Amino acid sequence: MNTVEYVWVDGTKPTKKLRSKIRVFDFNGTATGLPSIQDPKALWHFDGSSTGQAPADNSDLVLRPVKSYNNPIDNNVIFLCEVLNHDMTPHTTNARAALEDLAIKTKSLKPWFGLEQEYYICKNGQSIAVEQLHFMTPDEGAYFCGVGSEYVFNRDMIMEHLNICVNAKLKISGANAEVAPGQWEYQIGAADPLTVSDDLWIARWFMERLSERYNVTINYDAKLNKSYNGSGCHMNFSTEPMRDRLMPCEDICQKLSEQIQKHLDVYGHGYEQRLTGIHETAFYKDFTWGISDRTASVRISVDETYIEDRRPNANMDPYEATRVMLETCCF
Ligand code: ADP
Ligand code: MN
Ligand code: MN
Ligand code: MN
């Protein structure tokens, strides 16, 4: 049996979610029966009326596979798909198509992104730590990169996730326990914009899939709990001229300062709640930058070869966030 998990991004508002359904390929009853992603036989359909993507009276949408991944959890294959209309034009919820266009246009600059995906592992709508802890240490610094059951929750799950991502050959570069109890982070990249965005969506899918087994939920809310750090997705960015110090990071920050709202619009629902000026954020209305400054909206790396936009939320769509970064900084 050859099973393929078709994974796509839906139209849920205000934050898109992942969907997937399984297709059995059994052309010749052989293990070679799987089509390549370019094969017209790989195209598939789904009911867009149940995913926030179509009205019920005109519900069929097309799934076009764009990348194939091994799925070590189910020992099968994942086809990451983009959503198309019947006429094979990109659906309005398909933010990947526009990123692909821009990635081609900016390719000569060799842009790299590194995305730091934060999230809470939750039970009953609260951090899993609330259930497991008998007391909370008020000092959030105690949990960051912590070790020991007093400070760290569900490490087995996040290690399993990390190994799955490595085995699936995602561009995952690390993971750490975060500042708030029950909060974690992993990093995708550095890599080109399409690769990091595709790999982040697949890493999120693996985490959701694992959450079924661990009987927990994964929470990407910008601000789950007012008293603790929200969840972000810091976006690290450079181009070859920046890495070669031919294009100063300060010039890039100047460009960003002229497009504040355009960026916030695609940095995820609820950024106003998270970017308050406390809990390691800068107030969203005040755009600031500084070398090695983690209180700023944008940190310039100490060697001044890349920037870290600290504003994107954990719930952002990487296809949109990286596209806007390219639009602002590569022209
Ligand atoms: P932080 O110190 O902010 O927690 P992390 O180590 O968690 O940073 O994440 C940094 C991310 O930035 C990683 O994914 C890393 O690969 C990426 N990165 C490093 N150098 C560059 C660069 N020159 N351009 C883009 N991304 C980069
Ligand atoms: Mn980090
Ligand atoms: Mn972090
Ligand atoms: Mn960071």
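The values are calculated or read from the model by the stated rules, or taken from the named source; none is laboratory data. Being a predicted model, the structure only gives us computed values, none of them experimental. No Cβ is skipped: glycine too gets one built from the backbone with ideal geometry, and neighbour counts run over all protein chains shown.
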When residue 189 is run through (1) surrounded by fewer than 20 Cβ atoms within 10 Å (Cβ to Cβ); (2) within 16 Å of ligand 3 (Cβ to nearest atom); (3) under 30 Å from residue 330 (Cβ atoms), the failure sits at (1)
Reported set for segment 152-186 where residues are assigned to a loop (DSSP other than H, G, I, E, B), crowded, with 20+ Cβ neighbours inside 10 Å and of a type in the set (D, E, K, R) is 171, 178
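Has segment 49-67 got at least one residue that is over 30 Å from residue 313 (Cβ atoms), part of a loop (DSSP other than H, G, I, E, B) and more than 25 Å from the chain's Cα centre (by Cα)?
Yes, some residue in segment 49-67 is over 30 Å from residue 313 (Cβ atoms), part of a loop (DSSP other than H, G, I, E, B) and more than 25 Å from the chain's Cα centre (by Cα).
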Checked segment 127-143 for anything at pLDDT below 85 and among the aromatic types (Phe, Trp, Tyr); matches are 135
query: Within segment 139-147, is there a residue that is without any contact (Cβ under 8 Å) to a residue 40 or more places away in the chain, in a helix (DSSP H, G or I) and of a type in the set (Gly, Ala, Ser)?
result: yes
message = Please verify whether residue 116 is within 14 Å of ligand 1 (Cβ to nearest atom), farther than 24 Å from residue 215 by Cβ and within 18 Å of the chain's Cα centre (by Cα), treating the condition exactly as stated.
response = yes
By residue number, the members of segment 239-295 that are within 16 Å of ligand 2 (Cβ to nearest atom) and in a strand (DSSP E or B) are none
Pairing a residue in segment 77-89 that is touching a residue at least 24 places away in the same chain (Cβ under 8 Å) and surrounded by 11 or more Cβ atoms within 10 Å (Cβ to Cβ) with any residue that is part of a loop (DSSP other than H, G, I, E, B) and charged (D, E, K, R), where Cβ atoms lie under 9 Å and the two sit 6 or more apart in sequence or on different chains, gives 83/10
For residue 282, state whether it is within 20 Å of residue 187 (Cα to Cα) and more than 12 Å from ligand 1 (Cβ to nearest atom). no
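Which residue out of 33, 11 is farther than 28 Å from residue 267 by Cβ and not in a strand (DSSP E or B)?
Sole residue among the options that is farther than 28 Å from residue 267 by Cβ and not in a strand (DSSP E or B): 33.
Pick from 204, 243, 209: which is within 16 Å of ligand 1 (Cβ to nearest atom), under 18 Å from the mean Cα position of the chain (by Cα) and assigned by TED's automatic domain parsing to the domain that holds residue 120?
204
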